[in-house]
1. Of everything in segment 63-115, what is over 13 Å from ARG19 (Cβ atoms), touching a strand residue (DSSP E or B) at 6+ places or on another chain (Cβ under 6 Å) and aromatic (Phe, Trp, Tyr)? Give them in sequence order.
2. Are there any pairs, at least 6 apart or on different chains, whose C-beta atoms fall under 8 Å, with the first in segment 42-59 and charged (D, E, K, R) and the second part of a loop (DSSP other than H, G, I, E, B) and surrounded by 13 or more Cβ atoms within 10 Å (Cβ to Cβ), and if so, which?
3. Considering only segment 83-101, state which residues are free of Cβ contacts under 8 Å to residues at least 60 places away in the same chain and in a loop (DSSP other than H, G, I, E, B).
4. Please go through (1) at pLDDT below 95; (2) assigned to a loop (DSSP other than H, G, I, E, B); (3) farther than 15 Å from ALA97 by Cα; (4) not aromatic (Phe, Trp, Tyr) for SER62 and return the number of the only condition it doesn't satisfy.
5. Looking at GLN81 and the list (1) closer than 25 Å to GLY42 by Cβ; (2) open to solvent by 30 Å² or more (accessible area, probe 1.4 Å); (3) at pLDDT 95 or above, which single condition is not satisfied?
6. Restricting attention to segment 55-76, report how many residues are touching a Phe, Trp or Tyr at 6+ places or on another chain (Cβ under 9 Å) and open to solvent by 70 Å² or more (accessible area, probe 1.4 Å).
7. Can you tell me how many residues within segment 44-59 are at pLDDT 95 or above and of a type outside the set (Val, Ile, Thr)?
8. Limited to segment 11-23, what total is found for residues that are in a strand (DSSP E or B) and more than 14 Å from the chain's Cα centre (by Cα)?
Amino acid sequence: QVQLVESGGGLVQPGGSLRLSCVVSGNIFSINYMGWYRQAPGKERELVATITSGGITTYADSMKGRFAISRDYVKNTVYLQMNSLKPEDTAVYYCKAVLTQSRFWGQGTQVTVSS
């Protein structure tokens, strides 16, 4: 079992920045990779970024150059730094942990980009 707790969401103006955090606990040594996903109202959940246990990162095309995923192994925390935010980035952002035969989701944190 893995537990994930996200934080850091909120209301930000277009062009602003936010950093999301996902604290990971439980069977963390069995995690193959972590990811951030988002779901906007009326839309399907989509990939934002992933990071493997070895630190390899991938991004959705629309987030490249604006978002950065990172991992602090001491704090057992995965971050998503979001810059140059746009209204279309408004969504609930979820943290996900993928193990060999299971996956776990956090409860989500709301990000709203609006003036």
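The values are calculated or read from the model by the stated rules, or taken from the named source; none is laboratory data. Bear in mind that the values here come from a model prediction, so they are computed numbers and not experimental data. Cβ atoms come from the backbone with ideal geometry, glycine included; neighbour counts cover every protein chain shown. Each accessible area value is taken on the protein alone, full model and side chains, heavy atoms only, with ligands, DNA and RNA left out. Shrake-Rupley method; radii C 1.70, N 1.55, O 1.52, S 1.80 Å.
1. TYR94, PHE104, TRP105
2. GLU46/ALA60
3. Matches in segment 83-101: THR90, GLN101.
4. (2)
5. Just one mismatch for GLN81, condition (1).
6. Total satisfying the criteria: 2.
7. So the count comes out to 6.
8. The number of residues fulfilling the criteria is 2.
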